[in-house]
1. Six or more apart or on different chains, Cβ atoms under 6 Å: show the pairs whose first residue is in the range 219-236 and in contact (Cβ under 8 Å) with a residue 40 or more places away in the chain and whose second is surrounded by 13 or more Cβ atoms within 10 Å (Cβ to Cβ) and not acidic (Asp, Glu).
2. What are the residues in the range 179-203 that are open to solvent by 30 Å² or more (accessible area, probe 1.4 Å) and either among the aliphatic types (A, V, I, L, M) or assigned to a helix (DSSP H, G or I) (or both), if any?
3. Could you list all residues from the range 118-135 that are part of a loop (DSSP other than H, G, I, E, B) and closer than 11 Å to Val180 by Cα?
4. Would you pick out the residues in the range 206-228 that are over 19 Å from the mean Cα position of the chain (by Cα) and under 17 Å from Leu95 (Cα atoms)?
5. Examine the range 107-126 for a residue that is polar (S, T, N, Q) and crowded, with 21+ Cβ neighbours inside 10 Å, and state whether such a residue exists.
6. Go through (1) without any contact (Cβ under 8 Å) to a residue 24 or more places away in the chain; (2) closer than 30 Å to His11 by Cβ; (3) in contact with a Pro (Cβ under 9 Å, 6 or more places away or on another chain) and name the single condition Lys160 misses.
7. Hey, Pro20 hits all of (1) more than 30 Å from Gly260 (Cα to Cα); (2) in contact with a Phe, Trp or Tyr (Cβ under 8 Å, 6 or more places away or on another chain) but one; which does it fall short on?
8. Do you know which residues across the range 22-42 are touching a residue at least 24 places away in the same chain (Cβ under 8 Å) and surrounded by fewer than 21 Cβ atoms within 10 Å (Cβ to Cβ)?
Amino acid sequence: MPAVLHARAGHVLTLTLHRPEALNALTPDQRDEIVRLLSEASAAPAVRAVVITGSGRGFCAGADLRGTGTSRERLAGDVARTLRTGAQRLIGAVLDCEKPVIAAVNGTAAGLGAQLAFACDLVLAAESARFIEVFVRRGLVPDGGGAYLLPRLIGPQRAKELMFFGDALTAPDAERLGLVNRVVRDEELEKTAHAWAERLASGPTRALALTKQLVNASLDSDRAAAFAAEAAAQEINMTTADAQEGVRSFLERRSAEFEGR
């Protein structure tokens, strides 16, 4: 059985981390597979939304640290290289995916698993979900883009509280802080995630991709750069069939029917 399941229903691609016996702790092979699948989803016209979830009772317990011991001498640059090609590459793949990505968080999301959820465009959490910036408990610096993502989502003070203490954050508390869009009953998570994904998949796919790009870049841009990027995105988007359909539907006083192109 593959460690990452993937299935498409209509225009929605669902990626399921599938190592339930390890609470879906991510191996290097799993990370590479997710990166590959997200890259393919970006280029596939048939995929217009992506859901990431976990099997069993956990979303993702973080990176699988087994086999990362000191069996050989560690050379200068090894750790940084491992992060660049591993955890950071994974988070970048989510942020750069040209299709909207929903995290459907079932159970624990810890360490890299938490960053994977927070990198998604929308986060749905089951009532049983827990988010843990677990690094400090192991004497580690947060990785997987945590120190980049969290301050942008909830501000530096709240981010430091989560990273300094490493306490488990309940789903309702994560929603209150703005890390989660909505908390649902455990038995409603899959249904709700698919409903949200189907709604996104029926939208103007290229406009959503450009909107995602603008929002993700906004906190790293000054006003002039942000306005220039907005104008360029609008220029590009107005050449799409969906934008032309949107204008026609407005003039004809009907609902738009987007095709994702």
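The values are calculated or read from the model by the stated rules, or taken from the named source; none is laboratory data. A quick note: this is a predicted structure, and the numbers were derived from the prediction, not measured. Glycine also receives a Cβ, built like all others from the backbone with ideal geometry; neighbour counts cover every protein chain displayed. Calculation scope for accessible area: heavy atoms of the full protein, side chains included, ligands and nucleic acids excluded. Shrake-Rupley method; radii C 1.70, N 1.55, O 1.52, S 1.80 Å.
1. What qualifies is Leu219/Arg152.
2. Residues of the range 179-203 open to solvent by 30 Å² or more (accessible area, probe 1.4 Å): 181-183, 185-188, 190-191, 194-196, 198-200, 202.
Hits for the range 179-203 are Val183, Asp186, Glu187, Glu188, Glu190, Lys191, His194, Ala195, Trp196, Glu198, Arg199, Leu200.
3. Within the range 118-135, the first condition is being part of a loop (DSSP other than H, G, I, E, B), and the residues that meet it are 120-121, 127-129, 133.
Result: Cys120, Asp121, Ala129.
4. Start the filter on the range 206-228 by keeping residues that are over 19 Å from the mean Cα position of the chain (by Cα), which leaves 221-228.
Listed by number, the list holds a single entry, Ser221.
5. Among the residues of the range 107-126, at least one is polar (S, T, N, Q) and crowded, with 21+ Cβ neighbours inside 10 Å, which makes the answer yes.
6. All conditions are met except number (2).
7. Failed condition: (2).
8. Residues of the range 22-42 that are touching a residue at least 24 places away in the same chain (Cβ under 8 Å), as a first pass: 22-31, 33-35, 37-39, 41-42.
Listed by number, the residues that qualify are Ala22, Thr27, Pro28, Asp29, Glu33, Val35, Leu37, Ser39, Ser42.
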